[in-house]
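To start, the structure under review is shown below, and the notes come after it.
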Amino acid sequence: MKKLLAILLALSMLVVFAACGSKTEDESTEPAESESVSEEVSEDASEAETEDATEAASEEASEAVSEEASETTSEDASEAASEDASETESTTEENKIPQTTEEIVAYYNAARKATKPAPKGKQTMALNGSITGDGAIGTIAPIITKAADSALSKNSKETDTIPAWDHPDIKVSDVKSATAKDDGKGNVVVTIYFKEQTDGSNGDSKNGGPVARGVGTLGSIDIALEEMGATLTEGRDTVKLTYTDAYAKNVVINQKTGKITGGEWHYLVKVYVGNAKAKLGISLNLININAQVDYKVVIPG
């Protein structure tokens with residue numbers, strides 16, 4: 001009986017030890033699994049953090065590059081636009097066509113002064129019609145007209161001077177009308193019509209009025225009559241010179257040089273003598289004498 005109890009007691013102890021061993025193994029196994037999970041979670045978190053950091057760094061770098069490229073492109077575009085605008089403004093300023101009368105007159109004045117010598121052209125002076133008058137002059141008008149034509153022809157010659165180039169500047173008040181246009185060949189073509197001018201016996205050929213400043217005039221009546229081959233001896237106060245149809249027409253001004261390369265200048269002077277004495281080969285009484293002298297300079301452009 002005692003043996004049987006001992007055996008049963010031994011078996012009970014074995015069962016208890018087996019149970020304890022099993023529980024110990026289970027407990028020791030669970031922490032291992034927990035550690036594995038923890039390691040996996042840690043690894044996953046680490047990988048996620050690395051990926052997030054990489055993506056963040058990549059995004060920041062991309063944004064920085066994008067911003068820098070955008071700023072560079074913007075600056076380049078701004079500089080290019082500024083340069084283009086500057087070049088356009090410079091070109092526009094250089095090739096600006098004068099529009100107002102003030103601008104045209106100033107443009108022409110500057111070109112006239114700058115053109116010395118001028119391209120060669122032709123100056124002509126001639127009677128426009130016949131000389132007429134009362135008294136004895138009427139009967140010998142054909143002879144006087146021929147003599148005057150001969151005298152004037154001596155002033156028809158080549159010239160390399162722009163009319164009135166050394167005269168005072170033309171004033172805006174001298175001008176009847178003024179136009180300027182681009183000929184499409186790098187030139188500005190200017191046309192100016194001048195107001196009429198009337199002189200007495202002692203006119204100022206340089207600054208006596210609009211025609212004097214714009215084209216030039218005969219000046220003194222002595223010069224005017226000399227051009228027709230006559231010399232005035234009496235009656236100077238009855239003489240009148242009226243300049244009309246005065247212009248500088250189709251004057252070609254090179255935009256780069258600012259110089260005149262061609263054009264036409266003209267006036268028609270009407271000579272009137274009320275009552276005077278003169279010598280025209282012979283001594284004559286001049287009563288209501290009328291004559292017209294046409295002056296022109298042409299420089300082929």
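Just so it is clear, none of the values below were taken in a lab; they were calculated from the coordinates. As the structure is a computational prediction, the values presented were derived from the model and not from experiment. A quick note on method: Cβ atoms are made from the backbone with ideal geometry, for glycine too, and the neighbour counts reach across all protein chains shown.
Worth pointing out:
- Histogram of C-alpha separations across the range 196-301, 10 Å bin width, %: 15, 41, 25, 12, 5, 1
- What you get for the range 107-232, charging only the Cβ of Lys and Arg (+1) and of Asp and Glu (-1), is a dipole of about 500 debye around the Cα centre.
- Cross-link pairs beyond the 20 Å C-alpha cut-off, checked among 113/171; 96/185; 206/270; 96/195; 96/259: 96/195
- Charge dipole magnitude, Cβ of K and R +1, D and E -1 - the range 112-156, Cα centre, debye nearest 20: 600
- Residue-span extension gain [residue 122 to residue 195] - 0.36 nm each, minus C-alpha spacing: 23.9 nm
- Loop trypsin sites (Lys or Arg not before Pro), the range 138-173, which have at most 11 other Cβ atoms in a 10 Å radius of their Cβ (DSSP): 154
- Across the options 242, 254, 221, the greatest Cα extent toward the positive end of the charge dipole of the range 189-289 (unit charges at beta carbon of Lys, Arg, Asp, Glu) belongs to 254.
- Global geometry of the range 240-297, whether rounded, prolate or oblate, following the gyration tensor of its Cα atoms and the 1.5 cut on a/c: prolate
- Toward the positive end of the charge dipole of the range 172-236, with +1 on the Cβ of Lys and Arg and -1 on the Cβ of Asp and Glu, the farthest Cα among 194, 180, 211 is that of 180.
- Counted residue by residue at 0.36 nm each, then reduced by the alpha carbon distance between them, the extension gain from residue 109 to residue 96 reaches 3.1 nm.
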